[in-house]
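Visitor: Could you have a look at this structure, given as structure tokens, before my questions?
The values are calculated or read from the model by the stated rules, or taken from the named source; none is laboratory data. Source: prediction; values computed, not measured. Every residue, glycine among them, receives a Cβ derived from its backbone with ideal geometry; neighbour counts consider all protein chains shown.
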Amino acid sequence: MKRIALLKERHASAAGTGPATTTGSHCPASGLWSPDSDPHAVQSFFEGHVFPAFDGVPAVWRRRTAGVASSN
């Protein structure tokens with residue numbers, strides 16, 4: 001089952017969209033994630049972690065690839 005989820009994630013990443021999830025849901029895959037409202041605020045989450053609110057408001061979180069994360 002996990003292989004199927006990883007395959008779907010790989011296809012989404014190849015399309016450039018990356019998986020997205022919302023505050024209160026569980027992280028589907030470990031990695032770097034950032035809220036849509038501030039793509040430069042990159043945070044690390046482990047699989048199964050519950051996504052928090054960002055700046056006190058619910059957020060849509062997107063998984064970032066290593067090349068997208070900024071070092072500013």
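Visitor: Take the residues of region 1-24 that are in a loop (DSSP other than H, G, I, E, B) and surrounded by 12 or more Cβ atoms within 10 Å (Cβ to Cβ): which is modelled with the lowest pLDDT?
Guide: Selected residue: G18.
Visitor: Output the number of residues of region 25-41 satisfying the condition of being in a strand (DSSP E or B) and closer than 17 Å to P58 by Cα.
Guide: 4
Visitor: If I filter region 49-60 for residues that are part of a loop (DSSP other than H, G, I, E, B), of a type in the set (F, W, Y), surrounded by 13 or more Cβ atoms within 10 Å (Cβ to Cβ) and at pLDDT 95 or above, do I get at least one hit?
Guide: Checking region 49-60: at least one residue is part of a loop (DSSP other than H, G, I, E, B), of a type in the set (F, W, Y), surrounded by 13 or more Cβ atoms within 10 Å (Cβ to Cβ) and at pLDDT 95 or above.
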